[in-house]
1. Which one, Val328, Gly308, Asn400, is farthest towards the positive end of the dipole of the range 273-407 when Lys and Arg carry +1 and Asp and Glu -1 on their Cβ?
2. In whole Å, how far is the Cα centre of the range 142-163 from that of the range 671-707?
3. Using the Cα gyration tensor of the chain, with a ≥ b ≥ c the square roots of its eigenvalues, what is the shape: rounded (a/c below 1.5), prolate (a/b larger than b/c) or oblate (neither)?
4. Name the residues of the range 691-734 whose amide N is less than 16 Å from a point 7 angstrom out from the Cα of Ala437 along the C-beta direction?
5. Tell me the net charge near Leu649. Cut-off is 10 Å between Cβ atoms, Leu649 excluded, with +1 for each Lys or Arg and -1 for each Asp or Glu.
6. Search the structure for amide H atoms under 5 Å from the amide H of Asn646, placed 1.01 Å from N in the peptide plane, and list their residues when 5 or more places away or on another chain.
7. Karplus couplings for the range 174-189 from phi (6.51 cos²θ - 1.76 cosθ + 1.60, θ = phi - 60°), rounded to Hz, Gly and Pro as x?
8. Distance between the C-alpha centers of the range 241-259 and the range 103-131? Whole Å please.
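A short reminder: the numbers here are calculations on the coordinates, not readings from a lab. Being a predicted model, the structure only gives us computed values, none of them experimental. Cβ coordinates were reconstructed from backbone atoms using ideal geometry, including for glycine residues, and neighbour counts include every protein chain displayed.
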Amino acid sequence: MPIQHVGRPLKRLEDPKLITGSDPYVNDVRRGLEGALWLAFTRSPHAHAVIKRIDTTAARKMPGVVAVLTGADVNAEVGVIHTPLPPEMFQTMNRQGHTLLAEGRVRHVGEPVVVVAAESPQAATDAADAVVVDYEPLPVVVDAQEALKPGAPLLYPETGSNLAVSLKIEKAGVDAGLAAADVILELDMMNQRVLPLCMEPRACSAIWDDKAQKLTMWGDTQTPHRMRDQIAERLQLKPEQIHLRTGRVGGGFGAKVPVYQEDTLVPMLARRLKRPVRWAATRREDMQSTGHGRDMRCWMKLGADKTGRILAMDVRITGNVGFCLYQVGCLLPVLCAQMITGCYAVQAVRAEVVCGFTNTMGTVPYRGAGRPEAAYFIERAMDMLAARLTLDPADVRKRNFIPPDKFPYDTALGNSYDSGEYARALDHALAKSGYPALRKEQEAARAQGRLVGIGLASYVEICGFEDDEVSDLVVADDGRVTVLTGSASHGQGHETAFAQLVADELQVPMDMVKVVQGDTALVRNGVGTFGSRSAARGGMHALGNATKVREKAQQIAANLLEAAAPDLVLADGRFSVRGVPDRSVTWQQVAAAAKGSLHSKEDLQTGNGMLFPFGAHVAMVEVDRDTGQPRILRYMSVDDAGFLINPLLVQGQVHGGLAQGIGQALWEEAAFDEGGQLLSSSLMDYALPKTIDLISFDNDHTRTHSPRTPLGVKGIGEAATIGSTPAIANAVMDALAPVGVTHVDLPLTPRKIWAAMSAARKS
């Protein structure tokens, strides 16, 4: 019987070590870091201020302090840090970067100003607190639309504007389509700023070997090789002089793609002070100075005929990119604009993108990155269109879906969708949720005066960014297989999924496959893990190299059996001659005969373009009339990520994604006051969903394979986050329809809902 692991819901190989605490995270690593210095930072308490004077005298005299450094001491070594961005894609680009430590001016609360190195974390923290900085506060702006108005406080006065980037994309026919419409909707919607809030706050450690001129680092990053390369460039080292390891990474969600200032200062000071150095963010530091997510406003004008078919859309996306062009934050509103048509066959579209600098932390990719915002905007519009025409929101969606026979489908704004069966996914979600029965239940509840609502969301996302990835295979003489992958996990279960793929291809048990990741000395190169690319890129590269190894092994087996390679069959760890099963050799015999030659380290082309998973979600909620408190009653998600390597891993990704998407819909917000203070900078103030807030989700899948990858895989890591926020928002708005409330911006907190209901009663 052939071994078959792929497609089965196998438990994660990683979990025993994780739940017993035997796998170290960055801050758990002790070996080699004995006697390490600890770093602490003096951070700006102001959102915008001139730095008039820094006095480090008292800090330098404190016990255990080894060094106290300002921007004047470190910035010249690295210069201004810019993220490489394609200026040709923008009509306007104000290319502002940042330095390691603030000099001259601070532009957000939490910006690092002084770094202290000391013998203990307590000594470092005390000394950082003892630094005296004389600030001259400046006017503050935290809202992007306000920042772009004439007369707004300028973050970079020399430029004369807070405009970071601007872009306009247009497909002809928008004005004609709007003129021909029977109904026009004009909407203004906000997708609020949120905090990634990983379980593990950022951390970094480094050792400099002065004799060998080499650096050993531990960093909790999603992109180990890129972090190594960027640090090498900043410190004027060669990449091979840096050995970077990640250990376990306790969540990333996109926020651990950037290389932050602290990630460079730790190795810089290890080299400068010739001592091991380590740093770990406090939770407040992490919330203030790790990149934030979302924060986009959408103005949309949508024209449709009386049946609900969309004729044209005019869209303006305003993105808040924070204090500078931090990482790829300004590309996310562009991605939102490109995905704004969602699952729908709309060819007359005009989309304008403007991004403003504000006195807040920079925005970075956060689970879905541009696609959740686009899905929220278009899905709220679909429900509001259905309400205006008194049509069922499911029917309006089906009327506008791209037909399955039109794929691959070129959207108006430049994407090429690979495959899709959007009506099938929605029909499956409606059937599995018992949609007609839910509507009858809703009618009965409304007759009793209860505010019960049902929300739908159909979504499509883009994933599989960057075709290349490294997943080399090496077979030892005893037949054991090592996969060396650059697609480093931060909780997704790569060790399990990659082992399933390789074990099946080589017909060996999974316990004979070891997956190595997050180590730049062992893995020759890599892109990293983000944008739901791991299975489609890293996994398919592992499968491709396993196929190459199998072909080599089959030739060696043929020589051992004195048979033609095409006549051999590999099953259950044995190569046998077709039709003569007694003539066989084991996988171990073949590996031993290979004498170390059984490996594949090829850069394979295993993908051909971007991938577009999709799905449909159905939510049912009840809103308390007296308090505005929403409560989830039912939730059904149907996601389509093509072929599923491990349905159990997929289920975990869906459940986590639902928690994050629902969290954004109902609770989460990075809230600032008018002075730029982050009001939600602790877990006492930032409302995360708790177990009691959520219900047992119902999940299912349709499986529409992608023609662009082996096995037809797409991506699943971000899907549920994208579909769940609009589904919950639509359900809450449907619940509030009887009291005259048509829209409330996220998050849909009881206070905001109660205020909207009160205002509607008075109007």
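1. Val328
2. Between the Cα centres of the range 142-163 and the range 671-707 lies a distance of 30 Å.
3. Details: a/c = 1.85, a/b = 1.06, b/c = 1.74.
Oblate is the answer for the chain, as a/c is 1.5 or above yet b/c matches or exceeds a/b.
4. Counting backbone N atoms under 16 Å from the label point, the list is 698-699.
5. Values: positive: Lys11, Arg12; negative: none.
Its environment carries a net charge of +2.
6. Amide H neighbours of Asn646, under 5 Å, 5+ apart: Gly7.
7. The phi angles translate into 5, 5, 5, x, 5, 5, 8, 6, 7, 9, 10, 10, 10, 10, 9, 10 Hz.
8. Between the Cα centre of the range 241-259 and that of the range 103-131, the gap is 23 Å.
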